[in-house]
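Novice: This is the structure, below, for whatever I ask next.
Computed from the coordinates by the stated procedures, all read-outs in this text should not be read as laboratory data. Model, not experiment: these values are computed from the prediction. Reconstructed Cβ throughout: ideal geometry from the backbone, glycine too, with neighbour counts over all protein chains shown.
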Amino acid sequence: MSILPHGQVRTAIGLVLCDFRVNVPTQFVVSLVHVWNSWNKGRQISGGTETAWNDFLFSCSTELFAFGLAITFGIVWERALWSQTEALVLAKVCLEESKSSWQAARGLLAGMCDADLELDSNLNILSSSDKLSHLLMCDLAPGSKAMEGRPFTNYLDEPDQPRFTELIETACLSSLGSVSSGSAEGSPPEPSIKCTPAASLQVHIRGAGCLQFAAELFHVAVPIPGCNGKFRHLLGIKEDQAAKSTFLQQANHKLHTTLQTDQPKTPSNYKQPTLQIATHQQQNNH
């Protein structure tokens with residue numbers, strides 16, 4: 001009596017059902033039917049002899065083995081499917097909540113600041129708006145992406161660059177620390193899907209022509225779904241109104257100096273021809 005085909009069929013049934021509450025009763029009913037058929041065939045062939053009884057016991061043992069194998073594989077397969085399904089659902093929920101938080105944070109920064117932009121995890125400009133190029137007085141066409149991929153620290157004054165980097169690191173570490181403390185002891189930390197609270201920093205930004213102006217920088221760290229420990233960064237730049245006039249004066253002074261340098265000089269002993277003609281006519285009249 002071969003049990004391999006029967007065991008394979010039973011295991012396939014367990015894998016197809018994928019539910020412990022349905023798999024166990026189904027396998028139990030199939031085992032009873034198989035044992036009953038074995039008993040009837042044994043009685044018809046051997047007539048209740050000792051050989052028939054031994055064949056029945058062997059059939060029961062093989063059926064018990066097939067039952068346990070089918071249940072075990074069914075449970076393992078069900079656990080694997082559920083874990084994959086939960087991971088996919090959790091990833092989708094994290095992605096949706098991350099998008100919602102990102103849109104809310106960027107909308108808030110865009111409303112309260114003069115310009116807003118997004119940085120990647122390496123602090124390179126990921127996306128910017130025309131407001132940023134206008135604020136920096138860059139001669140860029142509307143919708144230009146010339147600033148994307150450049151390090152944002154290049155637009156900060158040198159003393160402010162380490163302060164800005166420290167602000168980014170502090171925000172990321174505080175977010176990771178809150179996730180670790182919120183998770184249960186002995187369990188892996190759950191991924192963070194919330195933006196960090198907005199933090200501000202007073203900096204000096206270098207615009208076109210190496211002109212500087214004071215501004216308040218607002219920063220929000222946004223976790224990247226599926227990448228634990230990595231963040232995107234939303235920045236809002238609000239120009240200091242008190243220093244705005246100084247910046248414009250510097251720009252106008254530099255423009256005026258440039259125009260004076262480019263203007264051709266006129267000799268001091270040079271006289272207009274019209275004046276010379278008028279003087280000569282006056283002498284002739286006298």
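Novice: Within a Cβ distance under 9 Å of Lys238, other residues only, what is the Lys/Arg minus Asp/Glu net charge?
Specialist: Once all neighbours under 9 Å are counted, the net charge is -4.
Novice: With label points built 7 Å along Cα→Cβ from the Cα atoms of Ser144 and Phe58, find their separation and express it in nm.
Specialist: Label at Ser144, label at Phe58, 8.9 nm between them.
Novice: In nm, what is the difference between 0.36 nm times the number of residues separating Ser127 and Thr153 and their Cα-Cα distance? Before the final figure, lay out each step's value.
Specialist: Numbers: separation 26, 0.36 × 26 = 9.36 nm, distance 1.49 nm.
Here the answer is 7.9 nm.
Novice: If you take the beta carbon distance between His204 and Gln84 as r and set R0 to 51 Å, what does 1/(1 + (r/R0)^6) give as a FRET efficiency, to the nearest 0.05? Present the calculation step by step, with values, prior to reporting the outcome.
Specialist: Working: r = 51 Å, r/R0 = 1.01.
After rounding to 0.05, the efficiency reads 0.50.
Novice: Students often check this: by mean Cβ neighbours within 10 Å, which of 122-134, 213-225 ranks highest, and how do the rest follow?
Specialist: Numbers: 122-134: 16.3, 213-225: 21.0.
Sorting 122-134, 213-225 by mean packing, highest first, produces 213-225, 122-134.
Novice: Between Val76 and Asn40, how high is the FRET efficiency from 1/(1 + (r/R0)^6) when r is the Cβ-Cβ distance and R₀ = 30 Å? Nearest 0.05. Walk me through the numbers on the way to the answer.
Specialist: Details: r = 34 Å, r/R0 = 1.13.
Given R0 = 30 Å and the Cβ-Cβ separation, E is 0.35.
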